[in-house]
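Bear in mind these aren't lab numbers, they're just calculated from the coordinates by the rules spelled out. Only a predicted model underlies this, so the values are computations on that prediction, with no experimental measurement involved. For neighbour counting, all protein chains shown are included, and Cβ atoms are generated from backbone atoms with ideal geometry for every residue, glycine included.
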Amino acid sequence: MSAPAGAPPTSAGADAAEAAVEAITGAANQDVTFSLELTQDQKDIRDWVHGFAADVVRPAAHEWDEKEQTPWPIIQEAAKIGLYGFEGLAQFFADPTGLTLPIVNEELFWGDAGIGMSIMGTALAVAAIFGQGSNEQIGEWIPRCFGTAEDVKVAAFCASEPNAGSDVSGVRTRAKFDEQTGEWVINGQKAWATNGGIADVHVVIATLDPELGSRGHAAFVVPMSEAKGISQGTKVSKHGLRASHTADVFLDDCRVPAAYVLGGKEKLDERIARVREGKKNKSQAAMQTFESSRPTVGAQALGIARAAYEYALEYSKEREQFGRKIIENQAIAFTLARMKMEIDAARLLVWRASWMGRNQHRFENAEGSMSKLKSGEVAVWVTERAIQILGGNGYTREYPVERWHRDAKIYDIFEGTAEIQQLVIARAISGMQIR
């Protein structure tokens with residue numbers, strides 16, 4: 001029977017309370033195994049990238065958005081300080097928590113997404129080479145993706161095609177091996193390739209056998225300076241990310257040596273043989289790259305969302321209507337509160353997926369897709385709300401929120417549309433082939 005309200009505790013209750021206090025005190029003195037506190041190195045890198053974004057990227061954002069050209073001078077500045085290059089990217093990726101790379105992307109894209117993509121677009125090709133290439137290929141090709149601080153280069157990952165965007169299995173670019181010359185002969189058209197045609201190194205996804213679908217894919221290194229038969233097609237005029245070059249790439253009897261298939265020809269032959277025998281294939285060339293990059297793409301969307309939220313917050317503290325600051329109206333204040341909450345929630349999903357990917361935890365519930373889906377939706381919603389808070393000013397190019405809104409929309413589309421991300425998650429949680 002419990003003691004009446006207000007009665008002194010029983011000796012047994014007092015003992016239990018004392019034991020609980022001792023347990024809590026003891027736990028506080030133990031080493032903490034879980035923490036969301038960033039390390040000093042992570043904070044230093046974050047602040048360093050933020051400084052570059054604030055001082056170099058953001059002041060140039062409007063100019064390069066209007067030009068719709070690759071901002072080579074800014075890429076070169078990033079290379080000079082070590083932000084753009086193999087060593088810098090390797091340092092970001094080496095963080096055992098997996099958080100440094102998304103932190104860097106969030107800060108850089110806070111500065112500007114178009115310029116940020118021009119700097120970070122190379123990383124997708126690098127991820128393909130690192131994830132699928134041999135040690136020799138990694139050592140040879142990844143440095144070439146970046147060039148040097150004096151002569152910067154970019155790289156392109158070419159997977160999508162006019163009729164194969166979300167449907168990766170629909171790739172029709174064909175690779176055949178010429179036994180007489182010992183070369184791969186590649187024919188096809190790639191679409192929406194970041195840095196397509198201006199890259200020194202192109203990583204091209206092609207099929208060896210269309211009947212095998214995505215299981216018959218392989219990734220090939222195609223260097224623009226060496227390979228004949230590769231050319232740039234139409235440069236895409238885009239809604240957002242306009243400082244980032246996007247174009248079609250044509251491959252017309254394009255020839256590359258046998259060793260230019262990532263992973264090596266011998267392993268590729270063995271994998272295709274297993275597939276034709278009906279055995280399962282552990283990975284698919286395009287999807288393997290996209291899975292590893294999705295949390296980083298989510299971090300880019302977060303940078304855009306955070307820029308819009310911070311701008312709208314400061315604007316609402318200064319803008320007066322009806323004799324008071326507009327943030328004093330609940331409709332505005334509550335919107336800003338939800339904007340901040342959604343950004344922070346999305347960041348936690350990005351950090352979780354980044355940590356899982358870096359520490360080789362399987363995405364049992366498609367956590368990578370969750371992070372990208374949520375971040376993309378948040379970026380679109382937050383930038384739209386920012387325009388609404390600024391009213392007519394938000395709709396003009398004199399204020400940056402309209403550019404951020406244009407830049408945000410692609411994060412609902414590329415590297416897997418919102419609908420495809422939901423499909424991936426649904427299949428993962430159900431274990432069923434939902435269509």
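Assorted remarks:
- Restricting the stretch 371-405 to GluC sites (Glu not before Pro) that sit in a DSSP loop and have at most 12 other Cβ atoms within 10 Å of their own Cβ leaves 398.
- Considering helices alone, the calculated mean residue ellipticity of the chain at 222 nm is -16500 deg cm²/dmol, with DSSP H runs of length four and up weighted by -39500 (n - 2.57) and normalised per residue.
- Dividing the radius of gyration of the alpha carbons in the stretch 285-430 by their Kirkwood radius gives 1.06 for Rg/Rh.
- Cα→Cβ-extended label distance, 7 Å offset, between residue 329 and residue 178, nm: 6.8
- Reported value for the stretch 40-146: 93 Å³ per residue, from the convex hull of its C-alpha atoms.
- Efficiency of FRET between residue 422 and residue 269 - r from beta-carbon atoms, R0 30 angstrom, step 0.05: 0.25
- Cβ-Cβ FRET estimate between residue 362 and residue 432, R0 fixed at 22 Å, reported to 0.05: 0.75
- Beta bridge orientation in the chain: antiparallel %, DSSP, nearest 5: 85
- Segment residue 345..residue 189, full-extension length gain: 52.3 nm, with 0.36 nm per residue of separation and the alpha-carbon distance subtracted.
- Once both labels are positioned 7 Å from their Cα atoms along Cα-to-Cβ, the gap between residue 252 and residue 209 label points is 3.1 nm.
- Applied to the stretch 325-342, the Karplus parametrisation 6.51 cos²θ - 1.76 cosθ + 1.60 on θ = phi - 60° returns per-residue 3J(HN,Hα) values of 5, 5, 5, 6, 8, 4, 4, 6, 4, 5, 4, 5, 4, 6, 4, 4, 5, 5 Hz, with x for Gly and Pro.
- Residue ranges 226-238, 343-355, 256-268, 199-211 sort as 199-211, 343-355, 256-268, 226-238 when ordered by packing (mean number of other C-beta atoms within 10 Å per residue, highest first).
- Normalised per residue, the volume of the convex hull around the Cα set of the chain (Å³): 209
- For residue 246, the residues 5 or more places off, or on other chains, whose built amide H falls under 5 Å of its own are 195, 236.
- Backbone geometry of the stretch 47-52 corresponds, through the Karplus equation with coefficients 6.51, -1.76 and 1.60 at θ = phi - 60°, to 3J(HN,Hα) couplings of 5, 5, 5, 4, x, 5 Hz, x marking Gly and Pro.
- Nearest-ten-degree value, helix 135-146 long axis tilted from longest Cα axis of the chain: 80
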